[in-house]
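Reading through the structure tokens given below for one structure.
The values are calculated or read from the model by the stated rules, or taken from the named source; none is laboratory data. Values in this document were obtained by computation on a predicted structure and should not be read as measured data. All Cβ positions, glycine included, derive from the backbone under ideal geometry; neighbour counts span all protein chains shown. Areas reflect the complete protein model, heavy atoms only, side chains present, ligands, DNA and RNA absent. Shrake-Rupley method; radii C 1.70, N 1.55, O 1.52, S 1.80 Å.
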Amino acid sequence: MPHHDIALIGFGGVNRALAEIIHTRGPELADELGFSLGVVAITDLRLGSLMQADGIDLGAVLRMPAGATFAGLPGGAAIPQNDHVIRHTTADIVVEATFTNPVDGEPAVSHVRAALESGKSVTTTNKGPVALAGAELNRLAREHGVRFEYEGSVVSGTPVLRLASEALTGLRVRGVQGILNGTSNYVLGQMESGMSLTDAVAEAQSLGYAEADPTADIEGSDVQLKVVILANEILGADLTTADVERRGISGVTSADIIRAAAEGSRFKLIGSAYRDDDGTVTARVEPMALPLTHPLASVTGPTNAVSFDTDLLGTVTISGPGAGRLETAYALLSDIIAIDAHLRIAGEVVQ
Ligand code: HSE
């Protein structure tokens, strides 16, 4: 049976969830997908690094007690050695799920670059490398005959990018608009029920939706990165964050929300990108009072949604989770499945 060895860069919630899925559902997945998966390298800030070309015992790693490191295990070290592991692992797919700095995308950009340069396909859930260096990294992947996949960089495992690139082919997509941040959507809903912005943000943090520093959620910069990705991927634009006007929800008051409700509308933080008649793409992030009949108006809580404005089908909307460890790990699995399919077509998977 065809087989892929993977390297997990970062072993926080998302990659740990992917390891759990592979560990518990491996044989079932192999039957369904027609290929098997093994993990041959793991790096993590706290655990260090581990490289075992014959395959790591995931059960043993998942059971490691808090405070333990990979030091002392065969192929193990107490420090992460990300660059060394990415370049020297025997894996053919690198799964990048480390921290990303929203200003320059590092260290994730360097991890992806190193993997592609050393001839490995990459999947990542990090917005940074895709929004800030997507063109360069896609070019590198093409030059090295490998794949760079990033479904989870927008709306976690909900298949927004693949819906556009696969299911909507043949249509002209004129624009996209969406609820791309669960925290701000949850906060606006709680404010509609009478809660203050501050209390609603604290609640979103305690429920695990918000970033540790929720400024990026509330002021729209998380959505701004996602809009860059949607505009470039779906509309073929070449935008950077500086091209996307941004206004978050901190200026929306309870009085605004109550007035909108009385008028039959609901505030949502909307990220959008549209192709104008002259071919330019205009993108923005802004709070909008949508009529209740709008497909995005009924999307509540931390749920995300994206509407595609198409020529032959009109508006097509997909909604689903935009965060969560298992939900985001599924995005990685869906990318691995896509990488396998592409490499198989190119004849680069051992049958
Ligand atoms: N904090 C983000 C949200 C997580 O609330 O949607 C996904 O980027």
Of the DSSP H helices in the chain, the ones reaching 18 Å or more along their long axis in Cα terms and averaging at least -1.0 in Kyte-Doolittle hydropathy are 13-33, 127-143, 221-234, 325-345
Asp276 and Arg46 label points (each 7 Å along its Cα→Cβ direction) are spaced in nm at 4.9 nm
Log entry: pair-distance distribution for segment 169-321, C-alpha pairs binned every 10 Å from zero, whole % per bin is 12, 41, 34, 12, 1
Filtered hits (lysines, Cα-Cα < 23 Å from Lys268, offset >= 8 within chain) -> Lys127, Lys226
Stretched fully, the stretch from Met1 through Thr317 gains (0.36 nm per residue minus C-alpha distance, one decimal, in nm) 110.0 nm
Probe 1.4 Å, all chains present, heavy atoms only: Phe99 accessible area in Å², nearest 10, is 140 Å²
Percent antiparallel among DSSP beta bridges confined to the chain, rounded to 5, stands at 65 percent
With all protein chains present and a 1.4 Å probe, the order of His4, His342 from largest accessible area down is His342, His4
Residue-normalised value, i.e. accessible area per residue, for segment 121-165 at 1.4 Å probe, in Å², stands at 30 Å²
Quick tally, 1.4 Å probe accessible area for Asp278, Asp54, Asp256, sorted with the most first, runs Asp54, Asp278, Asp256
Simple spin-label estimate for Ser196/Leu171, 7 Å along Cα→Cβ, in nm, reads 4.4 nm
Rounded to the nearest Å, the spacing of the alpha-carbon centers of segment 131-167 and segment 1-64 is 22 Å
Segment 196-212 and segment 221-239 have their Cα centres apart by a whole-number Å value of 26 Å
With every protein chain in place, the accessible area of Glu286 for a 1.4 Å probe, in Å² rounded to the nearest 10, comes to 50 Å²
Only helices counted: for the chain, with every DSSP H run of 4 or more residues adding -39500 (n - 2.57) and the sum spread over all residues, [θ] at 222 nm is -11500 deg cm²/dmol
Rounded to whole angstrom, the alpha-carbon centroid of segment 276-351 lies from that of segment 83-119 at a distance of 24 Å
Per-residue accessible area, 1.4 Å probe, largest first, puts Thr280, Thr125, Thr43 in the order Thr280, Thr125, Thr43
Stretched fully, the stretch from Asp256 through Glu32 gains (0.36 nm per residue minus C-alpha distance, one decimal, in nm) 75.6 nm
Protection proxy (average C-beta count within 10 Å per residue), highest first, orders 55-63, 296-304 as 296-304, 55-63
In units of 2.2 N^0.38 Å, the Cα radius of gyration of segment 54-121 is 1.25
Excluding residues fewer than 8 positions from Lys120 in its own chain, the aspartates and glutamates with Cα under 15 Å of it are Asp5, Asp83, Asp92, Glu96, Glu143, Glu149, Asp335, Asp340, Glu348
With N residues in the chain, Rg(alpha-carbon) / (2.2 N^0.38 Å) equals 1.02
Using a 1.4 Å probe on heavy atoms of the protein chains only, the accessible area for Ile258 in Å², nearest 10, reads 110 Å²
